[in-house]
Every structure is written in C-alpha cells, then in structure tokens.
Amino acid sequence: LYWRALLDRGWYIENWVKPRLGKLTPWWEQALEFWNVQKAFVTAFMESYWSGPEALLQDKEAFKFLVQSVSIVQSTSSDAITHLAELPAELSAEIFWDATINLIARYTNLVTAGHEQVGTVPVY
C-alpha cells in the first residue's frame, strides 16, 4: 500500500485525497487527468521496449534501476521504512511492471511541474 500511494499518483488522488475531501477540487481533477496522460505515455513507451511484465523483470538493468530508485527513497524517508531496497526481489512481474511505470511517470510529473514553474513546458 505504501508503494502504491507513493508512486501511483492516480491511486493516491482517488483513494487518499478524494475520500478525505469528499470530492475532488478542480485542481485535483486536473492533476488526475494530467497523471493519466503521463502514465499512458510512459506505458506506451515501456511497451515499445519490452513485450510485457515478464520481459521487464528479466532485464537486469531495469531491475537495478528500480532497486536504485527504491534505495534513494529509503535514504530520504523516515526510519520506520527499512530494507526497501530488498523489495523488488519479492515483486511479481506485474507489480514490478506497474511500479516501474509509476516511478518513471512520477519522475516526468516532477520534471514537468518544475519546468512549468519556470515557464518552459512547451518544449514537451
């Protein structure tokens, strides 16, 4: 659940924000729509390189990418979160696929937000 809430912005908005607010504000609705576009783009990108979850799971470099990313999150998180770098070894191919897509989509979300803040989104 922690990883889903951390990486999947759509899940977070629908399952954490919406229940607490009672409904989504226009800002959250736009954030969810933008997330869905980014996630669809990353999914299409992933599908152009790997035939599916099993193929990604067999890719050692992709696996190292997720482990490194998880390690970074671990190093910047609270002490209550331990041994997260070991998590990918326990993941099914489908969860690994979904986590990788969500992780890349979150990176693009953060980069795009930063560029919008300084007014340079049109390059995308």
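The values are calculated or read from the model by the stated rules, or taken from the named source; none is laboratory data. It should be emphasised that the depicted structure is a prediction, and the values quoted were computed from it without experimental measurement. Every residue, glycine as well, gets a Cβ built from its backbone with ideal geometry; the counts of neighbours run over all protein chains shown. Accessible surface areas use protein heavy atoms only, side chains included; no ligands, DNA or RNA. Shrake-Rupley method; radii C 1.70, N 1.55, O 1.52, S 1.80 Å.
Where does segment 1-48 land on Rg/Rh, using Cα atoms and the Kirkwood Rh?
Numbers: Rg = 11.9 Å, Rh = 11.4 Å.
When Rh is taken as the Kirkwood radius, the ratio is 1.04.
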What is the spin-label model distance, in nm, from residue 28 to residue 45 if the labels are put 7 Å beyond Cα along the C-beta direction?
2.8
If ligands, DNA and RNA are left out, what is the accessible area of residue 16 with a 1.4 Å probe, given in Å² to the nearest 10?
110
